[in-house]
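Working notes for the structure below.
The values are calculated or read from the model by the stated rules, or taken from the named source; none is laboratory data. Keep in mind the model is a prediction, meaning the values are calculated, not measured. Here the Cβ is made from the backbone with ideal geometry for all residues, glycine too, and neighbour counts use every protein chain on show. The accessibility values were calculated without ligands, DNA or RNA, using every heavy atom of the protein model including side chains. Shrake-Rupley method; radii C 1.70, N 1.55, O 1.52, S 1.80 Å.
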Amino acid sequence: MQFLWAFLVGGAICVIGQLMFDVAKLTPGHTMSLLVVAGAVADGLGLYDPLVKFAGAGATVPITSFGNSLVHGALSELERDGIMGVITGIFEVTSGGISSAIIFSFLAALVFRPKG
């Protein structure tokens, strides 16, 4: 049953993103930014952790999870280190994902011929 909920929740997030493309005619950058902000707001309101517990990978794989990670890291470090923890918490939690995106993008650019 957990696989079904993961599929439905992850699929619903993807459908929302696709509707933003098709119906609202938003650019990919705008759509991605809005989904990251939605994940951040949901975590700030305490709604994203219950969603992760309910849907598992259906909530942790889409781009909304990145916004969740940003806010989650900032809030946890704020409690521990004060106001400077907000900045360090963001980088501590998301640095692995950001670093791997940069490295794999560079490797892909070496292998393929990028246009533009």
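Of all residues assigned to region 20-31, none qualifies as being β-branched (Val, Ile, Thr), closer than 21 Å to Val93 by Cβ and at pLDDT below 95. Residue pairs whose Cβ atoms lie under 6 Å apart, sitting 6 or more positions apart in sequence or on different chains, and linking a residue in region 10-26 that is closer than 14 Å to Thr64 by Cβ to a partner that is part of a helix (DSSP H, G or I) and polar (S, T, N, Q), are Ile13/Thr64; Gly17/Thr31; Met20/Thr31. For region 75-86, name all the residues that are without any contact (Cβ under 8 Å) to a residue 24 or more places away in the chain and either open to solvent by 90 Å² or more (accessible area, probe 1.4 Å) or among the aliphatic types (A, V, I, L, M) (or both). Correct list: Leu78, Glu79, Arg80, Ile83, Met84, Val86.
Taken over region 19-52, residues that are surrounded by 11 or more Cβ atoms within 10 Å (Cβ to Cβ) and in a helix (DSSP H, G or I) amount to 23. If you go through region 37-74 and keep only what is touching a residue at least 40 places away in the same chain (Cβ under 8 Å) and either among the β-branched types (Val, Ile, Thr) or in contact with a strand residue (DSSP E or B) (Cβ under 9 Å, 6 or more places away or on another chain) (or both), you end up with Val61, Ile63, Thr64. Of all residues in region 87-115, those that are under 14 Å from Ser69 (Cβ atoms) and open to solvent by 100 Å² or more (accessible area, probe 1.4 Å) have Cβ atoms under 8 Å from Cβ atoms of residues that are charged (D, E, K, R) and part of a helix (DSSP H, G or I), 6 or more apart or on another chain, in Glu92/Glu77. Could you tell me which residue of region 53-74 is farthest from Ile16 (Cα to Cα), considering only residues that are among the aliphatic types (A, V, I, L, M) and crowded, with 17+ Cβ neighbours inside 10 Å? Among those residues, the one meeting the criterion is Ala74.
Take the conditions among the small types (Gly, Ala, Ser), surrounded by fewer than 18 Cβ atoms within 10 Å (Cβ to Cβ), modelled with pLDDT of 90 or more and not in a helix (DSSP H, G or I) and apply them to Ala12. Does it pass?
When the stated conditions are applied, Ala12 does not pass them.
The sole residue among Ala59, Ala12 that is out of contact with any helix residue (DSSP H, G or I) (no Cβ under 6 Å at 6 or more places or on another chain) and not hydroxyl-bearing (Ser, Thr, Tyr) is Ala12.
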